[in-house]
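Data first, discussion second: the structure below is written as structure tokens.
The values are calculated or read from the model by the stated rules, or taken from the named source; none is laboratory data. Just so you know, these numbers come straight off a predicted model, no measurement behind them. Cβ sites come from the backbone with ideal geometry, for glycine too, and all protein chains shown count toward neighbours.
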Amino acid sequence: MKPIALITGAAGLIGGYLVRTAPRWVSDWEVRGVTKAEVDLTDQRQVERLWDRHRPELVIHCAALSRTGLCEQDPAQAQLINVEATRILASLARDVPFIFLSTDQVFDGAKGQYVETDAVHPLNVYGKTKAEAEQVVLANPAHSVVRIALTAGTSPTRDRSFVEDMVRTAAKGVTLTLFTDEFRCPLPAGALVRALWEFGVQRRAGLYHLGGHERLSRWEIGELLATRFPALRTSIQPGSVADYHGPPRPPDLSMCSDTMQALLSFRLPGFRQWLAAASPDGEDPWDYSSSLTR
């Protein structure tokens, strides 16, 4: 029998890609995705029944309350989903590899090009709950945390990635202000999940960063996306974080992914490179990981 890999958050962006791409990257594993509709991960009894049913030999925990605005509105719910559900699942997985997906938002963005040894200092509720959950996971020396960057992709529900949000907002005739002084290292979902599968089967522990090798401003990202989604061209305008009024926004969340890169069989792409290589034939533009080479 094939070993079982359990993917939480299978209806989300990353979880959905992990399940869909499994036959390509881990054909010798049986991959089972779990959605919120199937199991409430904050209910210990439900999670225990899930565990007894599958008995996985690898867990990739993608499920989260990840929208920063919703986390700010309901910190208690963010704590329950992002921290307590992680605690329940990590406890059950104490004897098997457990990969927790965290975020670049555990940093305050004051310096950028963050490495794994940099101290965390989250500015928003989402980042704070993820930073706390990291400590829960890393208390087990056999478990791992992978901090992921801004991810482009097509989610099962078409409403989970930042690209989907931008295109949908533009379709409503709303102008998007994209900051020229807010930086990320975006990575297409196809490359991210290929990296996660390669990393996952190596059974490594510890803390890792996973993002693209190109540092781009939100405005630069928008300009690049407009080459693929022409409707965005007339719907985006440049702006500055200094003029923003709302929950704190870390200005530079770029990360260095050299530690993860050294473990992979392919080179993590930059966003500009990825879009240039993407096929215009109507297929998913974020799932060209098979063409990447070192």
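Descriptive notes on the structure:
- GLU220 vs. criteria surrounded by fewer than 21 Cβ atoms within 10 Å (Cβ to Cβ), of a type in the set (Asp, Glu) and in a loop (DSSP other than H, G, I, E, B): no
- Residue in segment 253-271 that is modelled with pLDDT of 85 or more, in a helix (DSSP H, G or I), surrounded by fewer than 16 Cβ atoms within 10 Å (Cβ to Cβ) and of a type outside the set (Ser, Thr, Tyr) present: yes
- Residues of segment 117-142 classified as surrounded by 14 or more Cβ atoms within 10 Å (Cβ to Cβ), out of contact with any helix residue (DSSP H, G or I) (no Cβ under 6 Å at 6 or more places or on another chain) and part of a loop (DSSP other than H, G, I, E, B), total: 5
- Complete set of residues in segment 101-116 that are without any contact (Cβ under 8 Å) to a residue 60 or more places away in the chain and either of a type in the set (Lys, Arg) or in a strand (DSSP E or B) (or both): SER102, THR103
- Residue within segment 156-169 that is within 14 Å of PRO251 (Cα to Cα), charged (D, E, K, R) and in a loop (DSSP other than H, G, I, E, B) present: no
- The set of residues in segment 142-179 that are more than 13 Å from the chain's Cα centre (by Cα), at pLDDT below 95 and not hydrophobic (A, V, I, L, M, F, W, C) comprises PRO156, THR157, ARG158, ASP159, GLU164, ASP165, ARG168, THR169, LYS172, GLY173, THR175, THR177.
- Condition met for GLN202 (at pLDDT 90 or above and over 30 Å from VAL136 (Cβ atoms)): no
- Those strands (runs of 3 or more DSSP E) lying entirely in segment 1-74 with at least 3 residues in contact (Cβ under 8 Å) with a residue 40 or more places away in the chain: 4-8, 58-61
- Filter result for VAL96 (modelled with pLDDT of 95 or more and over 26 Å from ASP165 (Cβ atoms)): yes
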